[in-house]
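The values are calculated or read from the model by the stated rules, or taken from the named source; none is laboratory data. Please read these numbers as outputs of a predicted model, since none were measured by experiment. Cβ sites come from the backbone with ideal geometry, for glycine too, and all protein chains shown count toward neighbours.
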Amino acid sequence: MSFRSGFVCILGKPNAGKSTLLNALVGEKLAIVTPKPQTTRNRVQGILNIPKKKGQAGAQVIFIDTPGVHKAASSLGKQMMREVHGALEGCDLIYWICDATKKLEEGDQAILEMAKKSRTAVFLLLNKVDLLDKQKLLPVIERFSELHSFNEIIPISALRKDGIDRLREATVEILPEGPRYFPEDEVTDLPVRFMAAEAIREQVLMATKEEVPHSTAVVIEQFEEGKRLTRISAAIFCEREGQKAILVGKGGQMLKLIGTKARLEIEKLVETKVFLALFVKVQANWRDSDRFVDGLDWRRQLEGLTGVAKEPTPTEARVPAKKARRRQVTKTSGRG
Ligand SMILES: Nc1nc2c(ncn2[C@@H]2O[C@H](COP(=O)(O)OP(=O)(O)O)[C@@H](O)[C@H]2O)c(=O)[nH]1
Ligand SMILES: [Mg+2]
């Protein structure tokens, strides 16, 4: 058997568990997860390398986590849906992940239509089965199987990692022969500075409610990796003075809490101590600004096309797998 590889697009409604699944499949925390819908804004690629074994040549699977499919009105929402369509383009397999505890509705139909239109193989993943009585699963499977001839229907719990091994195996089986697209020691194509920004945003989402989480964007303004210490300064953008007051909190308490928690997460990521300075800035109605939303896109930031953030240094451009990362986290100079 020869080497297999391919791109798998993870589609689903907000909160279905897409990001949790990506992290479970790759075995590292790449995408942030919160109980709030529309946590994921950009597509996130996770890379799974399956080494060669007796009788098997090995494989590389690239999973693409996407923002939840929803009706988009703002510039931000539209950008999120472009990310979804971008992920669908040229993928080899679609995972349609559904919350098995929820009823089917219009939104599901829209996703199924997208999947059908792409003429790609589709695995239906019925997630959160840990919350479902065993006898209820069969009727759910029956109902879904009438919708489309899925290549596989697999009940899973992304949270508990149930069904994940079976899913990996079925995935490798269906992928075509292909090249290794990414080096074997890489787990994502995300730049570390973007992951750091997401770690901060995750803590903002966890600490705030109502409109504040959705009104927030994080931009890394400085990223200096040293041997023992990484210095980061980041701006948390919100849309109104009132939101800024909430984010800063009484005597700066809220910002301090967000900063402490985010710092601990980022320390795991960069494997050095982190000095994190956070600032809250108001940018009125940024979600409706094409220019601002465009500038948040890390791919754009990498290209250095916009002035929102500067280009990262080459060593922070990739996040290698843990083992390799330890070897690679050495130098960096310069301001990010
Ligand atoms: N009980 C349970 N909760 C889950 C499971 N998968 C995800 N969740 C939770 O569902 C919420 C949304 O998950 P997330 O991965 O952010 O969903 P996304 O919006 O589709 O990316 C989070 O609170 C997760 O912890 C699961 O298998 N079982
Ligand atoms: Mg998500």
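You will find that of LYS116, LYS102, LYS52, the residue that is of a type in the set (D, E, K, R) and touching a Gly at 6+ places or on another chain (Cβ under 7 Å) is LYS52 and no other. Taking first residues from the stretch 152-166 that are free of Cβ contacts under 8 Å to residues at least 60 places away in the same chain and partners that are part of a loop (DSSP other than H, G, I, E, B) and within 16 Å of ligand 2 (Cβ to nearest atom), the Cβ contacts under 9 Å between residues at least 6 apart in sequence or on separate chains come to SER157/GLY17; SER157/LYS128; ASP162/ILE156; GLY163/ILE156; ARG166/ILE156. The C-beta contact set for the stretch 25-42 (first residue free of Cβ contacts under 8 Å to residues at least 60 places away in the same chain, second residue of a type in the set (Lys, Arg) and within 11 Å of ligand 2 (Cβ to nearest atom), distance under 6 angstrom, 6+ apart or interchain) is empty. The residues of the stretch 1-52 that are within 15 Å of ligand 2 (Cβ to nearest atom), assigned to a loop (DSSP other than H, G, I, E, B) and of a type in the set (Lys, Arg), listed by number, are LYS13, LYS29, LYS36, ARG41, ARG43.
Residues checked against (1) assigned by TED's automatic domain parsing to the domain that holds ARG168; (2) surrounded by fewer than 22 Cβ atoms within 10 Å (Cβ to Cβ); (3) more than 20 Å from ASP189 (Cβ to Cβ):
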site: LEU48; (1), (2), (3): yes, yes, no
site: LYS53; (1), (2), (3): yes, yes, yes
site: VAL61; (1), (2), (3): yes, no, no
site: THR66; (1), (2), (3): yes, no, no
site: SER75; (1), (2), (3): yes, yes, yes
site: MET81; (1), (2), (3): yes, yes, yes
site: GLY86; (1), (2), (3): yes, yes, no
site: GLU89; (1), (2), (3): yes, yes, no
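Taking every residue in the stretch 220-242 that is in the same structural domain as LEU205 (by TED's automatic domain parsing) and pairing it with any residue that is among the aromatic types (Phe, Trp, Tyr) and not in a strand (DSSP E or B), at least 6 positions away or on another chain, the pairs with Cβ-Cβ distances below 7 Å are PHE237/TRP286; GLU239/TRP286. Count of the stretch 53-76 residues, restricted to those that are in a loop (DSSP other than H, G, I, E, B) and free of Cβ contacts under 8 Å to residues at least 24 places away in the same chain, is 4.
Taking (1) within 16 Å of ligand 1 (Cβ to nearest atom); (2) within 20 Å of ARG168 (Cα to Cα); (3) at pLDDT below 95 in turn, GLY58 satisfies each apart from (1). Of everything in the stretch 28-55 that is among the hydrophobic types (A, V, I, L, M, F, W, C) and more than 10 Å from the chain's Cα centre (by Cα), the residue that is modelled with the lowest pLDDT is ILE50. Of all the residues in the stretch 179-216, those that are among the charged types (D, E, K, R) and outside any helix (DSSP H, G or I) number 7.
Output yes when any residue across the stretch 69-81 is small (Gly, Ala, Ser) and within 16 Å of ligand 1 (Cβ to nearest atom), and no when none is. Scanning the stretch 69-81 turns up at least one residue that is small (Gly, Ala, Ser) and within 16 Å of ligand 1 (Cβ to nearest atom). The single residue among ALA217, ALA170, ALA235, ALA207 that is out of contact with any strand residue (DSSP E or B) (no Cβ under 8 Å at 6 or more places or on another chain) and at pLDDT 95 or above turns out to be ALA207.
Does GLN79 fit the bill of being part of a helix (DSSP H, G or I) and free of Cβ contacts under 8 Å to residues at least 40 places away in the same chain? So GLN79 does not fit the description; no.
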